[in-house]
Amino acid sequence: MAKVIEGLYYAESHEYVRIEGEYGYIGITDYAQHALGNVVYVDMPEEDDEVEAGSEFGAVESVKAASDLISPVSGTVVEVNEALADSPELLNEDAFANWIIKVQLSDTSELDNLMDAAAYEAYCATL
């Protein structure tokens, strides 16, 4: 079973968001990085771009597949993880430590549409 961390919010598309105050750190889950295999490229938005819950904001490419990144929340991108531009394999090393974008949340009620750790584990068990 892939690692799941308590206290995060999870989307069915295998992105997570970690909330710190008015900000959310969005990345892919351990399940997603295992499914993708060796990550070779991460396409990320620019700072000040708007992201919308349920909409694509980038992509992750691996040696065997490419997968769109779907934002679990809406907001404004305030930071991108520049380390991933040079070392996309960091997602394979620890997907939870290597978030992709940091957003200023525009609607915290969207978190109610996401899964907690237990629900995400149960969801992954059905796949």
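The values are calculated or read from the model by the stated rules, or taken from the named source; none is laboratory data. Note that this is a predicted model, so its numbers are computed, not measured. Neighbour counts run over all protein chains shown; Cβ positions are idealised from the backbone, glycine included. These accessible areas exclude ligands, DNA and RNA; they are computed on the full protein's heavy atoms, side chains included. Shrake-Rupley method; radii C 1.70, N 1.55, O 1.52, S 1.80 Å.
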Report summary line: Flagged in segment 13-34 as in contact with a Phe, Trp or Tyr (Cβ under 6 Å, 6 or more places away or on another chain), open to solvent by 20 Å² or more (accessible area, probe 1.4 Å) and not in a strand (DSSP E or B), in numbering order, are H14
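Does G54 meet the test of being touching a strand residue (DSSP E or B) at 6+ places or on another chain (Cβ under 8 Å) and over 18 Å from N98 (Cα atoms)? Lay out the reasoning, then the answer.
On the way: touching a strand residue (DSSP E or B) at 6+ places or on another chain (Cβ under 8 Å): yes; over 18 Å from N98 (Cα atoms): yes.
The answer is yes for G54.
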Requested in this report: Check off (1) open to solvent by 30 Å² or more (accessible area, probe 1.4 Å); (2) small (G, A, S); (3) touching a residue at least 60 places away in the same chain (Cβ under 8 Å) for A118 and give me the number that stays unchecked.
Outcome: (3)
Query raised in the report: Within the set of pairs 6+ apart or on separate chains, which have a first residue in segment 35-61 that is among the hydrophobic types (A, V, I, L, M, F, W, C), a second that is in a strand (DSSP E or B) and modelled with pLDDT under 95, and C-beta atoms under 9 Å apart?
Result: L36/A66; A59/A66; V60/A66
